[in-house]
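The values are calculated or read from the model by the stated rules, or taken from the named source; none is laboratory data. These numbers were taken from a predicted model, which means no experiment stands behind them. Here the Cβ positions follow ideal geometry from the backbone for every residue, glycine too, while neighbour counts run over all protein chains shown.
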Amino acid sequence: MVRNEAALAEILDSIQRFVRERLVPAEIAVDREARIPGDIVAELGAMGLAGLALPEAFGGSGLTVEEKIRVVIAMAWTSPAFYRRFSSNDGAGFALQHYGSEEQKARWLPELAAGRITGAFALTEPGAGSDAGAIRTSARREGDDYVLNGEKRFITNAPHADLVLVTARTDPAEAGARGVSTFLVEGDRPGLGRGPADEKMGLNGNDTGDLLFEDCRIPAANLVGREGEGFAIVMRRLDIVRVEAAATAVGNAERLIRESLDFAQAREQFGRPIADYQLIQAMLADSRAEAYAARCMVLDTARRLDDGAAAGTEAACCKLFATEMVARVADRAVQIQGGTGFMRGSAVERFYRDVRIYRIYDGTNQIQQLLIARNMLREARDETGRG
Ligand SMILES: Cc1cc2nc3c(=O)[nH]c(=O)nc-3n(C[C@H](O)[C@H](O)[C@H](O)COP(=O)(O)OP(=O)(O)OC[C@H]3O[C@@H](n4cnc5c(N)ncnc54)[C@H](O)[C@@H]3O)c2cc1C
């Protein structure tokens, strides 16, 4: 749902200008140095990217899902590291918006929305990836406090997060999704340790790392929602997260297609631009068709989410299709550029590495397949009344 097409066009226009004039020229250095310069981080916050969907009353932009998705696609013209610098702010903010106390909202939402602080959302553990219900981090109640112990792995922005939303088991007698709660942990709490930034294949400049909780004491007021609601909080935003991952894939694919098209028209072999050869044209056409299909899927699902319709299957389809699509588009882009596309410093080589992660995080694509099939089978049983 777009509430005001003209207002959205203005936002998209300023983002597109910022991306092309400020971020694209910085992409190579960010990848090489695995670091976004401080002035760009500040500008990303000032652009409102940390609080796109957070309520206007708390300093966010209050965008609908469709509006936000269109911003995400526009941002994905450049390295995904830039948008992801503050994407956990929206995630942590979403949890606070829907489950937080009035004090928690007043204290943290304006800071998160303005990008004055960096948020992180810590679920994954060494023994709990796809099987998120296997988490072992514990939160033991002691008087007016909880005491946290455990380890979180691969957490986006962990090395520099100021505020961590962490899931921990409050009821050791329960297994799986039950008995899990969500807490706010301020970055300077004694007992919260951080590992070094992970060295990754791609997505350089967007740090991930371990968080270690060793008798980390937090006030009971830092519980978000009620005890045992931890998984409900995670699940509530999953559909949006998946559509966002797909939207990033769409934006990256559109940039890769532009890089491919420009190169194919400029590069001459056998006395003609390679764009004249039908085998090159076939690759361009396949990429365009697939990216267009994914764009339609993400916008349709975003509208469903705005309408409050159930869209779990559609969101998983978007994530599955768009993230596989962008891998094929990146592969063709490298192929079209030949040796040039294999060289460090070329945009297509960087995207080729960056997009690999989309099939892994936010639920691996195998998990999306399982989810889609499970929903299909349930719907089929409901239709036939069998089983
Ligand atoms: C760059 C990056 C950023 C991340 N950011 C965050 C973050 O901010 N917060 C956070 O909490 N986590 C984060 N993660 C963790 C991410 O969500 C997990 O890596 C992901 O859920 C997969 O878990 P895993 O790596 O343990 O793989 P595993 O779950 O061990 O999976 C390994 C393989 O087994 C397959 N598999 C697993 N179970 C099944 C099954 N039942 N059937 C078929 N195949 C199966 C998987 O699909 C995969 O191919 C991040 C990870 C990365 C790499």
Quiz item: Take the residues of the range 368-384 that are without any contact (Cβ under 8 Å) to a residue 24 or more places away in the chain and surrounded by 13 or more Cβ atoms within 10 Å (Cβ to Cβ): which is farthest from residue 310 (Cα to Cα)?
Solution: 370
Quiz item: Quick check: anything in the range 46-61 among the hydrophobic types (A, V, I, L, M, F, W, C), without any contact (Cβ under 8 Å) to a residue 24 or more places away in the chain, within 30 Å of residue 220 (Cα to Cα) and not assigned by TED's automatic domain parsing to the domain that holds residue 184?
Solution: yes
Quiz item: If you scan the range 28-73, which residues turn out to be among the hydrophobic types (A, V, I, L, M, F, W, C), more than 15 Å from residue 14 (Cβ to Cβ) and not in a helix (DSSP H, G or I)?
Solution: 34, 36, 53, 54
Practice problem: Please identify the pairs in which a residue from the range 101-125 that is within 16 Å of residue 87 (Cβ to Cβ) has its Cβ atom under 7 Å from the Cβ atom of a residue that is among the basic types (Lys, Arg), counting only partners at least 6 apart or on another chain. | Solution: 122/152; 124/152; 124/153
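Rundown of residues vs (1) surrounded by fewer than 18 Cβ atoms within 10 Å (Cβ to Cβ); (2) more than 15 Å from the ligand (Cβ to nearest atom); (3) under 21 Å from residue 254 (Cα atoms), yes/no style:
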site	(1), (2), (3)
300	yes, yes, yes
323	no, no, yes
336	no, yes, yes
353	yes, no, yes
366	yes, no, no
Self-check item: Residue within the range 55-78 that is of a type in the set (Ser, Thr, Tyr), within 16 Å of the ligand (Cβ to nearest atom) and closer than 23 Å to residue 356 by Cα present
Solution: no
Quiz item: Identify, please: which residue in the range 136-160 is in a loop (DSSP other than H, G, I, E, B) and over 30 Å from residue 41 (Cβ atoms) and is, among those, nearest to the ligand (Cβ to nearest atom)?
Solution: 136
Exercise. Say whether the condition of being touching a strand residue (DSSP E or B) at 6+ places or on another chain (Cβ under 9 Å), at pLDDT below 95 and either closer than 29 Å to residue 143 by Cα or surrounded by 20 or more Cβ atoms within 10 Å (Cβ to Cβ) (or both) is met by at least one residue in the range 197-214.
Key: no
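Residues checked against (1) closer than 14 Å to residue 260 by Cβ; (2) touching a residue at least 40 places away in the same chain (Cβ under 8 Å); (3) part of a helix (DSSP H, G or I):
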residue	(1), (2), (3)
284	yes, yes, yes
288	yes, no, yes
291	yes, yes, yes
317	no, yes, yes
330	yes, yes, yes
345	no, yes, no
353	no, yes, yes
358	no, yes, yes
Exercise. Please state which of the following conditions residue 239 fails to meet, knowing it meets all the rest: (1) in contact with a Lys or Arg (Cβ under 6 Å, 6 or more places away or on another chain); (2) outside any loop (DSSP other than H, G, I, E, B).
Key: (1)
Quiz item: Across the range 293-313, what is the number of residues that are over 21 Å from residue 258 (Cβ atoms) and touching a residue at least 24 places away in the same chain (Cβ under 8 Å)?
Solution: 9
Quiz item: Are any residues in the range 247-282 more than 19 Å from the chain's Cα centre (by Cα), acidic (Asp, Glu) and in a helix (DSSP H, G or I), and if so, which ones?
Solution: 259, 262, 276
Practice problem: List every residue pair whose Cβ atoms lie under 6 Å apart, where the two residues are 6 or more positions apart in sequence or sit on different chains, the first residue falls within the range 203-216 and is at negative phi and in a strand (DSSP E or B), and the second residue, located anywhere, is surrounded by 21 or more Cβ atoms within 10 Å (Cβ to Cβ) and among the hydroxyl-bearing types (Ser, Thr, Tyr). | Solution: 208/156
Practice problem: May I ask you to verify whether residue 124 is more than 22 Å from residue 221 (Cα to Cα) and within 16 Å of the ligand (Cβ to nearest atom)? | Solution: yes
